[in-house]
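To keep things clear, I will list the structure first and then write my remarks on it.
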Amino acid sequence: MFSKFEPTPEDPIIKLVGLFKKDPRPNKIDVGIGVFKDNDGNTPIMESVRLAETRIHETQTTKAYVGLAGDENFNQTMIDLIFGEHDSKDRIRAVQTPGGCGALRLLSDMLFRIASERTIWGSDPTWGNHYPVFRQAGFNVESYPYLNRETKTVKEDEMLSKLSQLGQNDIVLLHGCCHNPSGAELSPSAWEEVADLAAKNGFFPYVDLAYQGFGNSLDQDAQGIRTLMDKVESMVIAASCSKNFGLYRERVGCALMVGKTPGEADLARSNILTVARSSYSMPPDHGAGLVNLIMNTPSLRASWEAELTEMRNRILSLRKQASDVLREKTNSERWDFIEHHRGMFSLLVLSEEQTNALMHEHAVYAVAGGRINIAGLRNDEQLNAFADALISVTS
């Protein structure tokens, strides 16, 4: 039976992880894998998570299924976290999913049931797993202009011009904050224009929110979504708790559906639960239980928000340090965009030859195209080595 399969290419990021592990050089630098790292190079368990795990261990009395929608308290918590005090939350429904990627897949499968003829438009570039998920669901996918590869800023005029041509047969994927892989952010005014175009022309917003709290603040990072909420009749959001709670391996995500009315939101929820039932049936409980406990226990929430602020400040500090070092070493502003990007990633726009040279000649591991995780730089010594390597391969 299995002999009929054709070999499939290895995921490039997973392959990069394996190559890094096998590299015996003591000075190797990993700016490839997309996880937060502290000053010691570890992906830490947040103290608020440790305390919550202890409480759950001491008080939990059963391992029975929670239900198709997962932890309903968690679902409401995610609505509150993303939409804040918005006065139209009665038309939002949420379903717990196995990670943000699980939310993307469930939402795509649900939408294909009623919109199979539509095209999903994603930014150029976008996260490498977006298009495979959408295609697997059955959608045709296209891209709209996003990153200016010279200035490393958003081509807002070109993007908005393209979106102005889209309408009721289109679904538009938007990164809620901390664009992956580029790090370049839409301005608040651009979010307003996107929302206006969606409301006027009828394209459907589909938001991926994987890094809330990693850019500017919890509220600021959700402002784009809240702007859409004020102006569009309906949309969907795939949210992840992998980064802002450090729960990568627990696979904690949430699919949120905004309907024109509460009744329409109920219809969307019933249909996505049918998709969930035929996919994995019940979501895992532990990670969502942690998030719910943290968010609804004042002392734990205060601890979590302080830890998240510390993580975000580390990323912002590394961005400024990297820009300063590169400016000093090159006597130019060529790399200043690194400071202005948000989230863990920046896309340096490197050739395959340049990324290979980083790896083979300098023991610096970056994703193809030059996407770097700025949080992978541990200390001044690594930062200087990274800068020297980057200058060497781009001079």
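Laid out as a table, the results:
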{"quantity": "Relative contact order %, the chain, counting alpha carbon pairs below 8 Å whose residues are six or more apart", "calculated": "25 percent"}
{"quantity": "Listed residues VAL236, CYS101, ALA210: farthest to the positive end of the dipole of segment 65-296 (Cβ charges)", "calculated": "CYS101"}
{"quantity": "For segment 271-279, 3J(HN,Hα) per residue [Karplus equation, 6.51 cos²θ - 1.76 cosθ + 1.60, θ = phi - 60°, Hz, x = Gly/Pro]", "calculated": "6, 6, 5, 5, 5, 4, 4, 8, 9"}
{"quantity": "About the Cα centre, charge dipole magnitude for segment 258-395 (Lys/Arg +1, Asp/Glu -1 at Cβ), debye", "calculated": "460 debye"}
{"quantity": "Tilt relative to the chain, helix 380-394 - C-alpha long axis, 0 to 90 degrees, to 10", "calculated": "80 degrees"}
{"quantity": "Positive minus negative residues near PRO284 (Lys, Arg vs Asp, Glu; Cβ under 9 Å)", "calculated": "-1"}
{"quantity": "Between 0 and 90°, nearest 10: helix 47-59 axis offset from the chain longest Cα axis", "calculated": "40 degrees"}
{"quantity": "Segment 76-163: proportion of alpha-carbon pairs further apart than 23 angstrom, %", "calculated": "44 percent"}
{"quantity": "Net charge contributed by nearby residues that have their C-beta within less than 13 Å of ALA385 (K/R +1, D/E -1)", "calculated": "-1"}
{"quantity": "Dimensions (Å) - the chain, Cα atoms, principal axes, largest first", "calculated": "59, 56, 54"}
{"quantity": "Qualifying chymotrypsin sites (Phe, Trp or Tyr not before Pro) in segment 1-93, DSSP loop, other Cβ atoms within 10 Å at most 13", "calculated": "PHE5, TYR65"}
{"quantity": "Radius ratio Rg over Rh of segment 65-296, counting only Cα atoms, Kirkwood formula for Rh", "calculated": "0.94"}
{"quantity": "For the chain, size of Cβ-based charge dipole, Lys and Arg +1, Asp and Glu -1, in debye", "calculated": "860 debye"}
{"quantity": "Extension gain (nm, one decimal) between ASN39 and ASN216, 0.36 nm per residue minus Cα-Cα", "calculated": "61.7 nm"}
{"quantity": "Of the trypsin sites (Lys or Arg not before Pro) in segment 298-392, those whose Cβ has at most 15 other Cβ within 10 Å and which sit in DSSP loop", "calculated": "ARG334"}
{"quantity": "Qualifying GluC sites (Glu not before Pro) for segment 96-176 [loop in DSSP, other Cβ within 10 Å: at most 11]", "calculated": "GLU117, GLU150"}
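Read-outs throughout are calculated quantities, based only on the coordinates presented, and are distinct from any laboratory measurement. What you see is a predicted model; the values in this text were computed from it and never measured. Backbone-built Cβ (ideal geometry, glycine too); neighbour counts: all protein chains shown.
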